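Participant: Below are the structure tokens for one structure; questions will follow.
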Amino acid sequence: MKDNDSAVREDGAKPARITAKRAGWIALNVVLPAWEVTSVARHAGRNVSRLWQRLREVTAGRGGGDYRPADWSQAVADSGMAPARLARNFSVSRWIWWGLMWLTGLPAAGFLLMLMAAGSSVSGTGWLRVGCVVMVLLLLAATGFVQALKASYRLWQLTQKRVSASENGSFQAYLQETRWCRQVLSGGLL
């Protein structure tokens, strides 16, 4: 051993030394992540700007209310599918989204109940971790609910043969005339 390696101050603590190796290690830990972040941002920035430009080109001239068919038959003709095929597609879509809603909503509710039952025996980080998982699951369940609602609305329009405002086929009419929440939660069985 060298004398300066085992040198101890009078109070028992070793003197703090910054060696070249340690300085290099600190520099690498600061410079490399910063360099990687800038290169990722540079490449991702280009791709995001290209994607944004493509989205603007694709959606140019298409507003939310641009397409308004005169009646149900025109809307079905514009879809290019037979009404039976449209009904089947909407039903399958509704079942897929209904499944996602329940497959993510039930575990989220279970985790939340277990977390509340555990109460104070769960640490703060445990609450945070389970809370994040529950939040993600609830967001997926909400997405499934909204998409199943959309498919149910389209099925209602198809079966009622009402699409345009003159036929009273709006979303507000659907909400007023049906038990939409029960219909979505049951997958159309009730």
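The values are calculated or read from the model by the stated rules, or taken from the named source; none is laboratory data. Treat the numbers as computed from the prediction; the structure is a model and nothing was measured. Heads up: the accessible areas ignore ligands, DNA and RNA and are worked out on the full protein's heavy atoms, side chains in. Shrake-Rupley method; radii C 1.70, N 1.55, O 1.52, S 1.80 Å.
Participant: Could you work out the helix-only [θ] at 222 nm for the chain, with each DSSP H run of four or more residues adding -39,500 (n - 2.57) and the total divided by the number of residues, to the nearest 500 deg cm²/dmol? Spell out each step's value before the answer.
Facilitator: Numbers: 6 runs with 134 residues, N = 190.
The per-residue figure over the chain is -24500 deg cm²/dmol.
Participant: Now, a different point. Which ³J(HN,Hα) values in Hz, rounded to whole numbers, follow from the phi angles of segment 146-157 under the Karplus curve 6.51 cos²θ - 1.76 cosθ + 1.60, where θ = phi - 60° and Gly and Pro get x?
Facilitator: After applying 6.51 cos²θ - 1.76 cosθ + 1.60, I find 5, 5, 5, 4, 4, 5, 5, 4, 5, 5, 4, 4 Hz.
Participant: Once the piece of chain linking Ala142 and Thr159 is laid out straight, how much longer is it, given 0.36 nm per residue of separation minus the C-alpha distance between them?
Facilitator: 3.6 nm
Participant: Using 0.36 nm per residue of separation minus the Cα-Cα distance, give me the extension gain between Ser49 and Glu36 in nm, one decimal. Provide the component values of the computation, followed by the final result.
Facilitator: Details: separation 13, 0.36 × 13 = 4.68 nm, distance 1.97 nm.
2.7 nm is the gain from fully extending Ser49 to Glu36.
Participant: Counting only protein chains, not ligands or nucleic acids, how are Leu158, Leu175, Leu112, Leu139 ordered by accessible area (probe 1.4 Å), most first?
Facilitator: Numbers: Leu158 20, Leu175 45, Leu112 75, Leu139 105 Å².
From most exposed to least exposed: Leu139, Leu112, Leu175, Leu158.
Participant: Could I ask something else about it? Can you give the accessible area per residue of the chain, in Å², using a 1.4 Å probe? Kindly include the intermediate steps, with their values, before the conclusion.
Facilitator: Numbers: 14050 Å² over 190 residues.
On a per-residue basis, the chain sits at 74 Å².
Participant: I'd like the carbon and sulfur percentage of the solvent accessible area for segment 99-160, probe radius 1.4 Å, heavy atoms only, ligands and nucleic acids excluded.
Facilitator: 76
Participant: Right, another one. Across segment 98-112, in residue order, what do the Karplus-derived ³J(HN,Hα) couplings come to in whole Hz, using 6.51 cos²θ - 1.76 cosθ + 1.60 with θ = phi - 60° and x for Gly and Pro?
Facilitator: With coefficients 6.51, -1.76 and 1.60, one gets 4, x, 4, 4, 6, 5, 9, x, 5, x, 5, 5, x, 4, 5 Hz.
Participant: Which entry in [x] -0.39, -1.24; [y] -0.67, -1.21; [z] -0.63, -1.21 matches log10 I(q)/I(0) by the Debye sum over Cα atoms at q = 0.09, 0.19 Å⁻¹ derived from the coordinates of this structure?
Facilitator: Looking at log10 I(q)/I(0) by the Debye sum over Cα atoms at q = 0.09, 0.19 Å⁻¹ for this model, the match is [y].
Participant: Just need the relative contact order of the chain here, percent rounded to a whole number, with Cα pairs under 8 Å and 6+ apart.
Facilitator: 23
Participant: With a 1.4 Å probe and every protein chain left in place, tell me how much accessible area Phe171 has, in Å² to the nearest 10.
Facilitator: So the heavy atoms of Phe171 present about 70 Å² to solvent.
Participant: Connecting C-alpha atoms closer than 10 Å in a GNM of the chain, tell me which of Pro33, Pro69, Pro83 has the biggest fluctuation.
Facilitator: Of the options given, Pro33 has the highest mean-square fluctuation.
Participant: Top mean-square fluctuation among Ala141, Ala151, Ala117, Gaussian network model of the chain, C-alpha springs under 10 Å?
Facilitator: In this elastic network of the chain, the residue with the biggest mean-square fluctuation among Ala141, Ala151, Ala117 is Ala117.
Participant: Same structure again: With springs connecting C-alpha atoms under 10 Å apart, model the chain as a Gaussian network and identify which of Gln176, Gln147, Gln160 has the largest mean-square fluctuation.
Facilitator: Taking springs between Cα atoms under 10 Å, the residue moving most is Gln176.
Participant: A further question on this structure: Along segment 121-129, what does the Karplus equation 6.51 cos²θ - 1.76 cosθ + 1.60 (θ = phi - 60°) give for ³J(HN,Hα), rounded to whole Hz, x for Gly and Pro?
Facilitator: 7, 9, 6, x, 5, x, 4, 5, 5
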